[in-house]
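Computed from the coordinates by the stated procedures, all read-outs in this text should not be read as laboratory data. Keep in mind that what you see is a predicted model, and the values were worked out from it rather than measured. Here the Cβ positions follow ideal geometry from the backbone for every residue, glycine too, while neighbour counts run over all protein chains shown.
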């Protein structure tokens, strides 16, 4: 019986050693690299380096990589999202509301012109940002469904927590200026007088 218990104890220790030094480091590292930015070259490098690290050092090496991934991959993303929704909260302002409040000094495009807007045209919107100056930026329209529009941001914001190319949803009344794609082509060709 004593021999059986010692064999079972050895098998248990062997199973734990296989898990801790064999299976777990690769599995955990595969999850850890997901914390890094998708374009970060370390995502592939770390997985290749794992098998160059001596087997007995792998659990500690993986723990170090976890710390790096948290510091450089996850925390900046959390900080960015936290900043976007808490510190730098921004909203798109209604151009029509501003025009109605200041009709002599704040112009917006005519309703007929706004009705002509289609994907490919550009619209200028304005954002207000809590505790910071607002921004006015251009968006290229990608979708239109009645008065609801979707576009991609054509500017690099300073205060608004967006990046160039982000998707922006807005209403037709939010527009403060617009450029029709056909008119922009004519101006670029020099054919418009």
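Quick notes on this structure:
- Shape of segment 90-189, Cα gyration tensor, a/c cut at 1.5: oblate
- The gain in end-to-end length when the residue 40 to residue 136 segment is fully stretched comes to 31.4 nm, 0.36 nm per residue minus the alpha carbon separation.
- With a Förster radius of 41 Å applied to the beta-carbon distance between residue 71 and residue 106, the computed FRET efficiency rounds to 0.35.
- A simple spin-label model places pseudo-atoms 7 Å from Cα toward Cβ; at residue 169 and residue 55 they are separated by 5.3 nm.
- Here r is the Cβ-Cβ distance between residue 145 and residue 47 and R0 is 35 Å; the resulting FRET efficiency, rounded to 0.05, is 0.20.
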